[in-house]
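Okay, structure first, notes after.
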Amino acid sequence: MRLAYVLRPPLRRTGLINLRIAFPDWTDSRRRRVLRHLARHLGWMAADLVHLRDLDHTTIDRVVIPDGFENFAAAHRRGKGVLYLTGHMGAWELGPPAQALFGFPLHFLVRPLDNPCVDALINRYRCFSGNVPVDKSNSVRTILRVLRSGGAVGILFDLNALPDDGVFVDFFGVPACTTRGVARLALQTDAAVVPSYCFWDCDLREYRLRFEPPLELVRTGNLDADVLANTQLFTRVIEDFARRHPDQWLWVHKRFKTRPPGSPRIY
């Protein structure tokens, strides 16, 4: 993974641009160090995901420590479903199978890969513990059914959205086009929105699967305003994590690719 970092200048360039936006007071030397640590972290995650299949519900805590699980369990008991709000934070591929092994499998949105053989291989690792993938391109009906049955749906919330699918909210002080769908789902279904992420705890030297208390949604009765306010609320969760753990968020993604009309390109 370190080699991949060296060989992919476009990823380094994107990462440095994002880090300059997020941390304008840092030196470029510090930003490059964060990107090197991120590359190492992604390599660890890939290796640990492969070995995860050797674990079961009695041994998963050798690799992942559950933290705040009572928050997820309380949200689940409400019976209106749970939207598992996460992103490319920490070990995002490790969290869902670990959660399933702890007793709470979930559905999760995916975009099928172009190579069907690679896609099938990755989904075997994602689903061995009981999780179910949902094709992102045709997902609304399935998500509504899962939530109405009291189930949980995991959504990676931190990707750039196209103008027709998103709204612009503040992310590190810059307008970022962000999907409006999660806020609309939460408002429509009254599902609990539980921020969660599986991250590397440097002090314990283990992965920690953290569940935060459910978010208090903004409800004014104005749907468009509520969608915008809650999308901003959810985005703040991602930003807070990236500030606390800058070497464990995916800076090499072009998060600010979609720009407001008339704004200059960033990348």
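The values are calculated or read from the model by the stated rules, or taken from the named source; none is laboratory data. Computed from a predicted model, the values in this text were never measured in an experiment. Positions of Cβ are backbone-derived with ideal geometry, glycine not excepted, and every protein chain shown enters the neighbour counts.
What to note about this one:
- Residue in region 108-116 that is assigned to a loop (DSSP other than H, G, I, E, B) and at pLDDT 90 or above present: no
- Scanning region 140-177 for residues that are touching a residue at least 12 places away in the same chain (Cβ under 8 Å) and acidic (Asp, Glu) yields Asp158, Asp165, Asp170.
- Top-ranked residue in region 128-150 [being surrounded by 16 or more Cβ atoms within 10 Å (Cβ to Cβ) and within 21 Å of Arg62 (Cβ to Cβ); ranked as modelled with the lowest pLDDT]: Ser129
- Residue among Thr178, Thr258 that alone is more than 26 Å from Arg36 (Cα to Cα), of a type in the set (Val, Ile, Thr) and either assigned to a helix (DSSP H, G or I) or in contact with a Ser or Thr (Cβ under 7 Å, 6 or more places away or on another chain) (or both): Thr178
- Residues that are within 23 Å of Cys198 (Cα to Cα) and touching a Pro at 6+ places or on another chain (Cβ under 9 Å) number at least 1 in the following helices (runs of 4 or more DSSP H) confined to region 1-72: 9-22, 28-52.
- Region 54-103, subset touching a helix residue (DSSP H, G or I) at 6+ places or on another chain (Cβ under 6 Å) and more than 27 Å from Pro246 (Cβ to Cβ), residue surrounded by the fewest Cβ atoms within 10 Å (Cβ to Cβ): His57
- Members of region 115-168 that are within 23 Å of Asp226 (Cβ to Cβ) and in contact with a Pro (Cβ under 6 Å, 6 or more places away or on another chain): Gly154, Phe168
- Residue list for region 187-224, restricted to those being within 16 Å of Gln248 (Cα to Cα), among the charged types (D, E, K, R) and part of a loop (DSSP other than H, G, I, E, B): Asp203, Arg205
Okay, residues lined up against (1) crowded, with 19+ Cβ neighbours inside 10 Å; (2) out of contact with any Pro (no Cβ under 9 Å at 6 or more places or on another chain); (3) over 26 Å from Leu106 (Cβ atoms):
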| residue | (1), (2), (3) |
| --- | --- |
| Asp170 | no, yes, yes |
| Pro175 | no, no, yes |
| Gly181 | yes, yes, no |
| Leu204 | no, yes, no |
| Glu212 | no, no, no |
| Leu217 | no, yes, no |
| Val227 | yes, yes, no |
| Arg244 | no, yes, no |
